[in-house]
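Here's the structure, in structure tokens; my notes come after.
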Amino acid sequence: MQGLMMDRPLLISSILDYAASNFATTEIVSLGTGGGEHRYGYAELAARSARLAHALRSLGLETGDRVATLAWNNHRHLELYYGVSGIGGVIHTINPRLQPEQIAWIINHAEDRWLFVDTTFLPLVAALQPHLRSIERVFVLEPADAMPADSGIESLHSYETLIADQPDQMDWPELDEHTAAGLCYTSGTTGHPKGVLYSHRSTVLHAYATAMADTASSGRGDTIMPVVPMFHANAWGLPYLAPIVGARLVFPGPKMADGATLYSLMEDEQVTYTAGVPTIWMALLQWLRDNDRTLTSLRYATVGGAACPPSIIREFAERHGVITAQGWGMTETSPLGSMSLLSAQEEVALGEDGQVERRAMQGRPPFGIELRVTDDDGQLLPRDGESAGRLQVRGAWVCSSYFRDDGQSDAHGTDGWFDTGDVAVIHPDGWLQITDRTKDVIKSGGEWISSIELENLATSHPDVAEAAVIARPHSRWTERPLLVVRPSGKRQPTMNDLRAQFTGRVPDWWIPEDAVYIDEMPLTATGKISKLTLRERFADYRFPSDGA
Ligand code: ADP
């Protein structure tokens, strides 16, 4: 027997309609690429998204057509999120920090028809244009009078002119909720980037799940500032979550890594919730220390994309009264896979140090995500907090196969689980702890060493700003861990100082015998420490104990 309930599709346009009707004047604040500040409410977002949608239809957009963006976090990028998907188009957010050849490859692979860009990226587009096979027109996210005089780009148009004379009402089509809505390529450190194609249904379900009390825990009283870019897994879904819960949105435009701007925005706009990768928070915390400032309104900082060092968790809590919510996820998981927020009772039971230890793990999956850990032969490992293996995931917002992958990837198993490429243990209460990525794993004497645990201990030393542990060959042990340290000040901590961090906290045979020092950590396109680059840089390194 079938239930007798209405069948309403889960559509991105319904998020926009809902916010426009219920939070018409709730603000979206946005810093302009060329400076200045822009403010409007959700009703105007809906009106301008409708104008964009009409304009795209008049250009000939058909369901499934891809529309690419190279843009910062700002209100026009948000209009593209809603205007494109709302009429059945696919918004393809491109990471401008990828190699230009990769960007050209991605655009050709996706067969994007139009490209919307912030002025920052015009030189990049000018260089790429001769290699782009599918782009019909390029639109600059500016009014006509702010268009560059000589960009060297053919068929360059103004976004504001495009949408200027269009109607600001739209009867959004009732699409099938499985229709594709967004496309995002992973950075592809090995081989070509892989496209993750989100649907309306997956996007809406992800936004619902993210809003829950023990995940993003956000509501109408919040002002959310995504510092994670809108080209990195949809700014972790926050542009969809904020209008669902009625929160204000603050977009830092191109100033994503600028401590002074982030601080002023947080204080002036009374930001309560923010999200970004650890390197961003490390830089902001340093700026706040150097300038003797404290954050007064921020409640939560979501830290994800890479393991969050306990030093960040402590400093946010002790100096700024901010709770760190570590999230684990991937582009392939929309991205939320787990979040480590503690309940009030857990906080009391754990005490201060216990809280830091727990928050430094990756937390529980929200309902809708299932996690499991297997050995290399696919055998399920127990959830005992000790058995480390391959982390696999499934759920309604997990990618089922890559876009036009032609069977290249083997990450999607035949039994409906996705192999994340992460190594993890699951604790008996369901708490996830990532110990490594399979490609970064250190195998010494046949056993795994967790680079994340070593890095977390190293960064707890006051003289260490950032740490990375990489595998280097060793004639006796196959591989041993090498500690790469960026000191926090002028003093280089000696290996003796650092050894004390590890002793008694990890097995003795895990402890690195040597450290090397570096002035700046190399970063990936998504702002994470690039271990690939570090391995290349220290390719000739030999351990002192390796007499070979
Ligand atoms: P990219 O690989 O392109 O940088 P993703 O954001 O999809 O982009 O990266 C996902 C990977 O990031 C995960 O598989 C995992 O290795 C790592 N990651 C994300 N969040 C965390 C976290 N909280 N702790 C440890 N690793 C994380």
Legend entry - Antiparallel DSSP beta bridges within the chain, as percent of all bridges there, nearest 5: 55
Inset, instruction - For the chain, calculate the relative contact order in percent as a whole number, restricting contacts to Cα pairs under 8 Å that are 6 or more residues apart. - result: 10
Legend entry - Antiparallel bridges, percent of DSSP beta bridges restricted to segment 8-199 (to nearest 5): 35
Inset, instruction - List the residues whose amide H sits under 5 Å from the amide H of residue 73, counting only those 5 or more places along or on another chain, with H placed 1.01 Å from N in the peptide plane. - result: 230, 253
Inset, instruction - Give the distance, in whole Å, between the Cα centre of segment 234-302 and the Cα centre of segment 514-548. - result: 30
Inset, instruction - Only loop residues by DSSP count here, and only those with at most 16 other Cβ atoms within 10 Å; note down the GluC sites (Glu not before Pro) in segment 98-179 that meet that. - result: 111, 136, 154, 174
Legend entry - Angstrom value of the Kirkwood radius, inverse mean 1/r, which spans all Cα pairs in the chain: 24.3
Inset, instruction - Would you please put 478-491, 499-512 in order of how densely packed they are, using the mean number of other Cβ atoms within 10 angstrom per residue and starting with the highest? - result: 478-491, 499-512
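Values in this text are rule-based calculations from the coordinates and carry no lab data. The structure displayed is predicted, hence computed values, not measured ones. We place every Cβ from the backbone using ideal geometry, glycine too, and count neighbours over all the protein chains shown.
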